1. Rounded to the nearest 20 Debye, what is the dipole magnitude of the protein assembly as shown about its Cα centre when Lys and Arg each give +1 and Asp and Glu each give -1 at the C-beta?
2. Under 5 Å between amide H atoms, partner at least 5 residues away or on a different chain: which partners does residue B:58 have, H built in plane at 1.01 Å?
3. Select from B:49, B:160, B:62 the residue whose mean-square fluctuation is largest in a Gaussian network model of chain B (Cα-Cα springs shorter than 10 Å).
4. Excluding the sites themselves, what is the longest stretch of chain A that contains no trypsin sites (Lys or Arg not before Pro) in a DSSP loop with at most 10 other C-beta atoms within 10 Å?
5. Could you give the radius of gyration (one decimal) and Dmax (whole number) of the Cα atoms in the range A:21-65, in Å?
6. With contacts defined as alpha carbon pairs under 8 Å and 6 or more residues apart, what's the relative contact order of the range A:148-244 in percent?
7. Hey, could you grab the Kirkwood Rh for the range A:79-290? Inverse mean 1/r over distinct alpha carbon pairs, Å, one decimal.
8. Is any helix in chain B, taking whole DSSP H runs, at least 30 angstrom long along its axis by alpha carbon and on average at least 1.0 on the Kyte-Doolittle scale, and which ones?
Amino acid sequence: MTTAPISTAPAGPAARRRPAGRIALHACLIAVLLVMLYPLAWLLATSFKPADEVIASLKLLPSHFEWSNYSTALDGVNEVSVGRLLWNSLLIACGAVLGNVISCSLAAYAFARLRFRMRGPLFAFMIATIMLPHHAILIPQYIIFNQLGMVNTYWPMILPKFLATDAFFVFLIVQFMRGLPRELEEAARIDGCGPFRSFFSVILPLTRPALITTAIFTFIWTWNDFFTQLIYLFEPEKFTLTLALRSFVDASSQSAFGPMFAMSVFALLPIVLFFLAFQRFLVEGMASSGLKG
Amino acid sequence: MTATATRPQGAAPPATGGKRAPKRERQGAAWVFLSPWVLGAAVLTLLPMAVSLYLSFTDYDMFDAPQWIGFRNYTQMFTEDPRYWRSVVTTLTYVVIAVPLQLAMALAVAIALKSVKRGKGFYRSAFYAPSLLGASMSIALVWRAIFNDGGSVDNLLSGMGIDIGGWINKPGWAILSVALLTIWQFGAPMVIFLAGLQQIPVELYEAAAVDGASWWRQFRSITIPMLSPVLFFNLVLQMIQAFQVFTPAFAVSAGKGGPADSTLVYTLYLYDRGFTASHMGYASAMAWVLLLAIGVVTAVLFRTSRAWVFYANDTNEGGR
């Protein structure tokens with residue numbers, strides 16, 4: 001926020017290097033980057049490869065583009081179309097986003113801006129749950145959702161988000177809200193705002209960057225989540241894209257490779273789009289989560 | 001920054017004792033705001049923790065009522081189950097390889113990026129991208145293919161005269177490919193390192209340069225101490241995550257943890273016991289051992305951190 005203008009300041013000894021040093025540095029970074037991007041390029045290239053080229057050919061680019069991989073992938077798996085799988089994934093991810101944004105901002109406001117008894121211990125407990133391995137509560141949660149008849153529905157993926165169980169995001173928003181000047185609420189109080197008005201009209205609008213970060217991370221993490229979906233969903237109709245890819249895990253036949261990776265492209269596309277659109281929020285959100293602790 | 005710097009974290013805001021009525025009212029308001037979280041913490045965290053502790057002392061298959069068997073699950077786990085120990089060793093191997101290398105990579109690239117002026121934003125985003133994509137099943141499947149027999153990695157290595165064959169069919173190498181997938185996702189800790197590096201006052205380096213300190217000396221005496229809180233944060237976070245790795249091990253081994261149980265990480269075995277074999281009591285006991293193990297490792301890290309984590313707040317925070 002009020003950090004020194006970093007970009008113009010000389011940053012350590014390396015900045016004073018001669019142009020040759022700078023070029024070498026860029027060359028190194030680009031080399032590392034190329035190696036890192038290889039798996040993604042491979043994924044994209046393979047999704048267009050005809051079956052006989054997937055392993056026989058060492059070239060990254062296919063000899064001709066096999067569009068049929070994509071039409072096969074569109075048909076989906078287990079007679080469930082990609083459209084349906086995509087819709088299921090979207091439903092879960094959007095439900096989770098809505099839940100996290102609402103419930104985490106409410107809890108964060110109480111922790112960051114309000115005084116109440118037990119605030120210290122409860123805050124410490126909230127922080128501790130960030131470190132709690134999911135598996136310690138997994139089985140009873142499963143039993144609870146089973147008792148409620150919610151296994152093989154999307155509720156186990158969505159409902160906990162409405163109860164602010166993702167403590168990481170509560171923490172993220174708390175950290176952000178703490179940075180807002182207290183005078184804001186004092187002014188609002190003088191104007192006759194209660195805590196609810198000042199939350200909705202003063203604090204929440206100013207917290208938008210943290211809320212956007214929460215929304216995007218929730219979307220991506222829920223979209224990618226495999227374990228929870230694996231446990232709770234068993235009917236192919238209800239499968240998400242991530243889960244549908246699972247059926248390829250057992251199939252080792254090379255002929256399925258093209259369509260399998262075409263489908264993987266479908267599964268990654270929303271994340272890539274989100275990333276391209278919101279990279280600033282994502283990178284800054286990640287950076288600030290580790291700093292103001 | 002301005003607001004937090006003047007008020008230490010966790011400390012109560014300035015006393016409002018003078019005002020009368022609103023105080024209790026605001027207490028009530030706080031609990032309204034907090035209610036979803038309280039409900040979630042009670043019903044979806046605390047209660048399940050208690051229940052899973054109870055279940056860990058029972059034989060439970062989800063259909064019949066749990067049978068109390070005392071410490072049987074634990075003794076069986078520790079003394080009669082070689083696959084359990086296999087999963088422990090596999091997970092520890094993975095953690096010990098993946099976490100330090102991932103952090104070293106993240107720090108190295110962050111330091112390189114710090115002195116880059118042009119294209120910094122591009123590099124930052126590009127290196128960060130795998131951290132978001134890498135958790136997906138799609139990338140895990142890519143990993144399985146390129147580390148398979150005849151995959152790109154096999155081809156590249158045999159081209160250089162190194163004959164390993166497919167990594168994912170070789171016990172010992174398979175878990176290494178999973179570790180490489182984790183190291184590949186060094187972008188998230190890198191971004192945190194980079195933000196930390198930018199908080200180090202430039203004057204420190206200038207003063208050191210005037211004194212004739214070498215690059216290595218500056219790295220050791222300025223960068224590392226000033227970065228130690230961030231290093232610590234990354235270490236704890238990545239460690240906790242690494243203990244719970246699941247998706248890539250599942251994908252690489254088709255859900256079975258093979259070959260020869262060499263990718264049977266802890267959570268994969270827990271899933272196998274609980275949801276495939278329907279031994280929910282046993283899986284609960286495994287979950288509690290994992291919880292304790294993560295607790296102990298975190299506590300040890302916190303304890304040792306006193307010796308090497310340096311908080312600069314006391315010396316330079318006031319001025320900002």
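The values are calculated or read from the model by the stated rules, or taken from the named source; none is laboratory data. The shown structure was predicted, so the numbers you read here are calculated from the model rather than taken from an experiment. Counting neighbours? That spans all protein chains shown, and the Cβs are built from the backbone with ideal geometry, glycine included. Please note that ligands, DNA and RNA were not included when accessible areas were found on the heavy atoms of the full protein model with its side chains. Shrake-Rupley method; radii C 1.70, N 1.55, O 1.52, S 1.80 Å.
1. With only Lys, Arg, Asp and Glu charged at Cβ, the dipole is about 2500 debye.
2. Residues meeting the amide H criterion: B:69.
3. Between B:49, B:160, B:62, it is B:160 that shows the largest mean-square fluctuation.
4. Working: sites that count: A:59, A:117.
The reported range is A:118-293.
5. In Å, with Rg to one decimal and Dmax whole: 14.3, 45.
6. RCO, the range A:148-244: 42 percent.
7. Evaluated on the range A:79-290, it is 19.1 Å.
8. Numbers: long enough: B:82-114 (47 Å, 1.21); B:280-308 (41 Å, 1.31).
The answer, listed by residue number, is B:82-114, B:280-308.
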